1. Of everything in segment A:191-223 that's among the aliphatic types (A, V, I, L, M) and free of Cβ contacts under 8 Å to residues at least 40 places away in the same chain, which residue is surrounded by the fewest Cβ atoms within 10 Å (Cβ to Cβ)?
2. For residues that are touching a Pro at 6+ places or on another chain (Cβ under 8 Å) and assigned to a helix (DSSP H, G or I), tally how many sit in segment B:142-172.
3. Residues of segment B:177-236 being outside any strand (DSSP E or B), of a type in the set (G, A, S) and touching a residue at least 40 places away in the same chain (Cβ under 8 Å), which ones?
4. Which condition number in (1) crowded, with 18+ Cβ neighbours inside 10 Å; (2) in contact with a Gly (Cβ under 8 Å, 6 or more places away or on another chain); (3) within 14 Å of chain A (Cβ to nearest Cβ) is the one that B:I81 fails?
5. Determine if segment B:87-99 includes at least one residue that is facing chain A (nearest Cβ under 9 Å) and under 22 Å from B:G187 (Cα atoms).
6. Considering (1) within 14 Å of another protein chain (Cβ to nearest Cβ); (2) touching a Phe, Trp or Tyr at 6+ places or on another chain (Cβ under 7 Å); (3) among the hydrophobic types (A, V, I, L, M, F, W, C), say which one A:V270 fails and leave the rest.
7. Only one residue in A:L290, A:L298 is surrounded by fewer than 21 Cβ atoms within 10 Å (Cβ to Cβ) and not in a helix (DSSP H, G or I), so which one is that?
8. Identify all residues within segment A:142-151 that are under 16 Å from A:G13 (Cα atoms) and either modelled with pLDDT of 85 or more or not in a loop (DSSP other than H, G, I, E, B) (or both); write none if there are none.
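The values are calculated or read from the model by the stated rules, or taken from the named source; none is laboratory data. Note that this is a predicted model, so its numbers are computed, not measured. Don't worry about glycine lacking a Cβ; one is built from the backbone with ideal geometry, like all the others, and counts go over all protein chains shown.
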Amino acid sequence: MEMELLLQFCINGLMLGMMYALVAVGFTLFFGVLDVIVFSHGDTVMIGSFSGLSMYWWVNAYYPAMPAAGTAFLVVLAAVSVVVLLGMGVADAVIVPLRKAPALNTLLATMMLGTVLRESIRLFFPDGSNPHPFPGLLPDWSWRSSQLTLRFDNLALFCSGALIIALVHFIINRTRLGLAIRAVAQDEEAAKLMGVNFRLVVLATFAMGAGVAAFAGVMNGIYYNEITFGVGLLLGAIGFSAAVIGGLGNVFGAILGGFIFAFLQTIGAVAMPFAAAYKDVFAFGVVIALLAWRPTGLIAEPASKRV
Amino acid sequence: MDESLLFDNIHVAYDKADVLSGVSMEVRPRTITCLLGANGAGKSTLIRALFGLTPPRRGSIIFNETDITGLPTHRIVGMGIACIPEGRRIFPKMTVHENLLMGAYQERSQAKIRSTLDRVYTLFPRLAERRSQLAGTMSGGEQAMVSVGRGLMHEPRLIVIDEPSLGLSPALVNENFRIIRRICEEGVAVFLVEQNVRQTLAISSYGYVLSQGKVVASGTAESLKNDVQVQKAYFG
């Protein structure tokens, strides 16, 4: 196989990895702070895509002369604001009230919520049951050679994703809010006794995880040029797997997990060109094997310490 | 203004079984008031009720002439009540420095945080040496210092200290009692929950004895030293 084709696979893998990492960060944040798995998180990503698309339609209808950068900004803004509000709403209406209930109830509630989100888009979004083309948003400059295409929009998305992850890292490790988030994650009651407003910290955490997911939603739309109401199911499963491979509760683990999953998919596609459609089967299969080998994730602390 | 803490006829129940039934007591400003009692007497439950972690079923808690019964924990802490919780409850994956910052979480003035930090580091030079160490990797005695220092960072008017001697060597226990006395001398009211009867009564001015969810004896520390109820509360 030629070098350039391999390089092309790598670039695609990095793009996917960044997208998965952004989704996985949400899973790991929610688990770290509240010990809950929010299964609707993947569908939150999908809501991000559709909010962005709606904004694009609106801009096209009323301000067709808007420059591309302005449109892209508005699309991301719409996706992030809708999804942040949704995330905080979910936290306040579902997660916090179920704090004292068995973990299984929260799990069930968030799974149901995911279905509600999916079905709402399918039923109420115009022509929601069919795939919608997603605009490129960014200028389609690219650098081509015989086999390799380096697209400017991919590069821009990758860098923005990295910037967002750096921002999350900065908030968690260098700000007062981050201090409170870590305190709640390590000992909820002790954090309260230090004067932390628990509800506010939970809302902020969900806002942050959801905002990052919204960006992943826009990224997903641009990358595949198409979105459907069901896209959150697979993205959710992948993001969750990525977070678990890395070790739930660990932000770096989630990022690592995201790239590992994308890498596995790429390997699957490269090594089995005759059966590229099975790349997800291959990737999830390896995830299962990884978990059998390291049940608490690749860089998590041993289970005995997580009391 | 009367900065006393008053418990008035507190009832607390877990799953309908009363753990505290009709507890009333008073913690006066600028004094050390102690709460004695054997394991399971309801001491920790009273502290949880005070901080709104397990709100009382009946009765009221007044601090500084304000009813704080059942308020969210952060609002109660915001009234100027700090807690050095049972079992230290330090944040293991934070540095010593970050743990101390958590104690001053509600303080917005950086200058004030810095000056309080200096005071705590002067009181515990050991913590200054280890400021960047993860608190979870320290020895039990050092973790106790972190917990006490964190409580002081709040600059409280009342500090609740729950079982500070638990798991410490006799030398460290003495050191702890010396520090508690010093906190009180600086004008902070101390509500001390302890099992170590002799040393606790030696530094307290007033005390209560809890047994099976009720106050069975109370009075000046001097009078409690010879009280039969105190002996009975511990030895049955």
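1. First, the residues of segment A:191-223 that are among the aliphatic types (A, V, I, L, M): A:191, A:193-194, A:196, A:200-204, A:207-208, A:210, A:212-214, A:216, A:218-219, A:222.
Still in the running and free of Cβ contacts under 8 Å to residues at least 40 places away in the same chain: A:191, A:193-194, A:196, A:200, A:204.
Numbers: A:A191: 27, A:L193: 30, A:M194: 30, A:V196: 24, A:L200: 12, A:A204: 19.
Taking the candidates together, the pick is A:L200.
2. 3
3. B:G187, B:S204, B:S205, B:G213, B:A221, B:A233
4. Failed condition: (2).
5. Within segment B:87-99, not a single residue is facing chain A (nearest Cβ under 9 Å) and under 22 Å from B:G187 (Cα atoms).
6. Here A:V270 meets the rest and fails (1).
7. On the way: A:L290 fails: not in a helix (DSSP H, G or I).
So the residue among A:L290, A:L298 that is surrounded by fewer than 21 Cβ atoms within 10 Å (Cβ to Cβ) and not in a helix (DSSP H, G or I) is A:L298.
8. Within segment A:142-151, A:T149, A:L150, A:R151 qualify.
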